[in-house]
Amino acid sequence: MPEIGYRTTYGEKNLEVPLKPFHDLAEWSKVNFLYTPKTIMQVRQLLHQSHDKKRYKRLLKVLEDETGHTLLAAAEGAKIALSDQDEYKIGLDFIEGGFFVPIQRTLFEASIEGEVEKISASARQCLQEAGVKPEAIDLVILTAALRKFIPYKPNLNDSSQTQPSPTKTNFPALAWVWPTTVSINLAKRPLR
């Protein structure tokens, strides 16, 4: 989003542009609420004071042309492409002719590292509450975009221990299979 004005500044006091439009652009369910005359007018007003008019004008173009969902689809496509490539060029011609943004897998990995750790911590807590050792897990099912992203693997042990290498599958719902000798069916475990 930096290429469409995210965290740019405006005015004599070098204030950061409001972040709400960018946050709303990142959520499928909120995008349509950005196309109001009031929001577009606010972005136009800030554009006049923007210190990076070229980038911030791209945000205005997305709002005026109502292409927020197209932007989200391009970002989703980039995440999927980075599962097979070290670098990908996100095509944003719908914003500006010939406009694309190159992104490297290492940058993507670094940007999701904190979220991956949150998922891992939740999985560890779930195992602890269920009284199950991490070694007993031989299947992890992921959904959404991360299911195709190869480097993702929840760390079920404490963070100082390494995990087995995941095996990518092509089934839509099954993302990773970790071979182990013990399997467990948590669904049959009685609730406490």
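The values are calculated or read from the model by the stated rules, or taken from the named source; none is laboratory data. Since the model is a prediction, treat every value here as computed from it, not as a measurement. Don't worry about glycine lacking a Cβ; one is built from the backbone with ideal geometry, like all the others, and counts go over all protein chains shown.
Listing for the model above:
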| quantity | calculated |
| --- | --- |
| Residues satisfying the stated conditions in the range 82-114, i.e. assigned to a helix (DSSP H, G or I), surrounded by 13 or more Cβ atoms within 10 Å (Cβ to Cβ) and either acidic (Asp, Glu) or at pLDDT 85 or above (or both) | ARG105, PHE108, GLU109 |
| First in the range 16-45 and without any contact (Cβ under 8 Å) to a residue 60 or more places away in the chain, second anywhere and surrounded by 12 or more Cβ atoms within 10 Å (Cβ to Cβ) and polar (S, T, N, Q), Cβ under 6 Å, 6 or more apart | GLU16/THR9; VAL17/THR8 |
| Filtered residue count, the range 72-100, keeping only those that are under 25 Å from PRO21 (Cα atoms) and over 16 Å from the mean Cα position of the chain (by Cα) | 11 |
